[in-house]
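The values are calculated or read from the model by the stated rules, or taken from the named source; none is laboratory data. None of the values given here were measured: they were computed from a predicted structure. Here the Cβ positions follow ideal geometry from the backbone for every residue, glycine too, while neighbour counts run over all protein chains shown.
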Amino acid sequence: MNANNIPNALVFYITVIADTSESEVGVYVMLDGKTQQITHQAGTIVSHRDFSHKNYSNSLDSTLRIEIDKMHILLFTVTVVDFKLESRVGGSGRCYDYLEINGTKYCASELSSNGRLTYVSATGSLNFEFHTDGGIQAKGFLLEYNYGYYRKF
């Protein structure tokens with residue numbers, strides 16, 4: 001995937017690292033309604049295009065879906081490089097800005113640097129949702145990923 005093809009308005013920013021592990025199986029990323037094939041098995045997921053220069057914007061709702069064909073199971077590993085979102089608020093610990101990965105919400109600094117998350121998806125898909133409210137802004141997140149797959153029996 002060419003990162004230059006991703007419009008500025010999109011929240012998630014995906015890049016791939018050129019390597020020799022070209023995918024033989026179709027793995028696709030669906031980013032806010034646009035579909036592109038991932039041709040390398042490693043890269044980064046960043047909360048917003050200007051991650052290294054400014055905080056993320058208010059009132060964002062963005063989704064990222066990674067899919068593999070129905071004949072394979074997706075094994076997706078995410079390494080947390082940097083994760084800074086708005087802190088939980090009040091006694092209830094309400095989370096206003098969060099990254100949700102396959103139904104699990106991560107807020108504030110709940111993911112530590114060099115933390116590793118591994119997802120095995122028998123359904124062949126993985127969903128990321130990034131939500132921000134209209135209040136406090138923060139740096140955002142930088143995740144490195146790599147994936148593998150195996151054929152269903």
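Exactly one of (1) buried (at least 16 other Cβ atoms within 10 Å of the Cβ); (2) farther than 23 Å from residue 39 by Cβ; (3) modelled with pLDDT of 85 or more is unmet by residue 134. Its number?
(1)
Could we say that residue 49 is assigned to a loop (DSSP other than H, G, I, E, B) and under 25 Å from residue 38 (Cα atoms) here?
yes
Determine whether residue 69 is closer than 13 Å to residue 126 by Cα, surrounded by fewer than 17 Cβ atoms within 10 Å (Cβ to Cβ) and out of contact with any Phe, Trp or Tyr (no Cβ under 7 Å at 6 or more places or on another chain). Even if it seems obvious, please write down each step before you answer.
Values: closer than 13 Å to residue 126 by Cα: yes; surrounded by fewer than 17 Cβ atoms within 10 Å (Cβ to Cβ): yes; out of contact with any Phe, Trp or Tyr (no Cβ under 7 Å at 6 or more places or on another chain): yes.
In short, yes.
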